[in-house]
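Read-outs throughout are calculated quantities, based only on the coordinates presented, and are distinct from any laboratory measurement. For clarity, every value in this text was computed on a predicted model and none was experimentally measured. No Cβ is skipped: glycine too gets one built from the backbone with ideal geometry, and neighbour counts run over all protein chains shown.
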Amino acid sequence: MTKVDFYTGAEDKLRTACRLSHKAMQNGMRVLLHAPDEATAAALDKLLWNYPATAFIPHCRSHEAEAAAMPVVLGHDEKTTPPHSELLISLHHECLPFFSRFERVIEIVGQHEDDVRLGRERFGFYRDRGYELRHFDLKTKND
């Protein structure tokens, strides 16, 4: 069954997504980094080329031919078939319909009041369905 991790209190959700993608990639995991829209996907694409500062995260968009072999795949269209089923990092405000295809899901929640409320709703959705949940408070921990 899918394991779900919540990272809450993120000052910058995009940088947090890059950091978690980099960490997962270093641990040999393949990542689907899913953005809610094209503008966010484009901003992530730009950040991934410069993260970390002394390197970059090899990545491509989900519709590109290289997606099946790339360690980090960036998507925003829910209709695109995920290229793997290892790790989904979601920047959406609601649970993605295909989340259960993945071994692990990371939900990133920012500090804005609306984002916190929507994060709590997603947490409740997963909890009520019996998914294994973990929580990491980014305001208090350096993870």
Original post:
Inside region 1-28, can you point out the residues that are within 18 Å of Pro52 (Cβ to Cβ) and of a type in the set (Gly, Ala, Ser)?
Top reply: Ala10, Ala17, Ser21, Ala24, Gly28
Subject >> Given (1) closer than 13 Å to His22 by Cβ; (2) out of contact with any Pro (no Cβ under 9 Å at 6 or more places or on another chain); (3) crowded, with 17+ Cβ neighbours inside 10 Å, number of the condition Ala41 does not satisfy >> reply: (1)
Original post:
Considering region 34-66 alone, what residues qualify as being over 17 Å from the mean Cα position of the chain (by Cα) and polar (S, T, N, Q)?
Top reply: Asn50, Thr54
Subject >> Among residues of region 39-82, those that are under 22 Å from Phe99 (Cα atoms), among the hydroxyl-bearing types (Ser, Thr, Tyr) and free of Cβ contacts under 8 Å to residues at least 12 places away in the same chain, counted >> reply: 1
Original post:
Restricting the search to region 29-52, which residues are in contact with a strand residue (DSSP E or B) (Cβ under 6 Å, 6 or more places away or on another chain) and within 17 Å of Thr80 (Cα to Cα)?
Top reply: Val31, Leu32, Leu33, His34, Ala41
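Within region 103-110, does at least one residue satisfy the condition of being touching a Gly at 6+ places or on another chain (Cβ under 6 Å), under 22 Å from Ala10 (Cβ atoms) and buried (at least 20 other Cβ atoms within 10 Å of the Cβ)?
So far as region 103-110 goes, yes, one or more of its residues are touching a Gly at 6+ places or on another chain (Cβ under 6 Å), under 22 Å from Ala10 (Cβ atoms) and buried (at least 20 other Cβ atoms within 10 Å of the Cβ).
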**OP:** Scan region 18-38 and report the pairs whose first residue is in contact (Cβ under 8 Å) with a residue 24 or more places away in the chain and whose second residue is buried (at least 21 other Cβ atoms within 10 Å of the Cβ) and among the aromatic types (Phe, Trp, Tyr), with Cβ atoms within less than 8 Å and a gap of 6+ or a chain change.
**Re:** Leu20/Tyr7; Leu32/Phe102
**OP:** Sort out for me the strands (runs of 3 or more DSSP E) sitting completely within region 30-101 that have 3 or more residues that are within 22 Å of Met1 (Cβ to Cβ).
**Re:** 31-34, 87-90
Subject >> Single match in Leu14, Leu20 (criterion: of a type in the set (A, V, I, L, M, F, W, C) and touching a helix residue (DSSP H, G or I) at 6+ places or on another chain (Cβ under 9 Å)) >> reply: Leu14
